[in-house]
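Encoded as structure tokens, the structure appears first; notes follow it.
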Amino acid sequence: MVQGVGFRWWTRSRALELGLVGRATNLPDGRVEVVAEGPRPACERLLSALRSGESPGRVDHVAELWASPRGGLTGFVER
């Protein structure tokens, strides 16, 4: 549950530094969903950053789900 602490902005910044495309979206229940596409090593680095404790706010759990890229994404947006 992350609200009002800049978490999505921080995630977007890390993703763009890694050359990833995707989004960070607030969900109705207060969680944040991050969808990122790019080279697997870059995605793994984003996961590490999300788990590092360096993000704004408090992250209690990061769940990951790997899938084939869908494509069609440009940039990295906050929703």
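The values are calculated or read from the model by the stated rules, or taken from the named source; none is laboratory data. Note that the structure is predicted; figures quoted are calculated from it, not measured. Methodologically, a virtual Cβ is constructed for each residue, glycine included, from the backbone with ideal geometry; neighbour enumeration extends over all protein chains shown. When the accessible area is computed, the model is the full protein with side chains, heavy atoms only, and any ligands, DNA or RNA have been set aside. Shrake-Rupley method; radii C 1.70, N 1.55, O 1.52, S 1.80 Å.
Quick notes on this structure:
- On the beta carbon distance between Asp29 and Trp66, with R0 = 22 Å, the FRET formula returns roughly 0.45.
- Within the accessible area of the chain, the carbon and sulfur atoms contribute 51%, probe 1.4 Å, all protein chains present.
- Cα-based helix-to-principal-axis angle, 7-17 vs the chain, degrees rounded to 10: 30
- Under the Karplus curve 6.51 cos²θ - 1.76 cosθ + 1.60, θ = phi - 60°, whole-Hz ³J(HN,Hα) for the stretch 65-79, x wherever Gly or Pro sits: 9, 9, 8, 5, x, 8, x, x, 8, 9, x, 9, 10, 9, 10
- Restricting the chain to GluC sites (Glu not before Pro) in coil, as DSSP defines it, with at most 12 other Cβ within 10 Å: Glu54, Glu64
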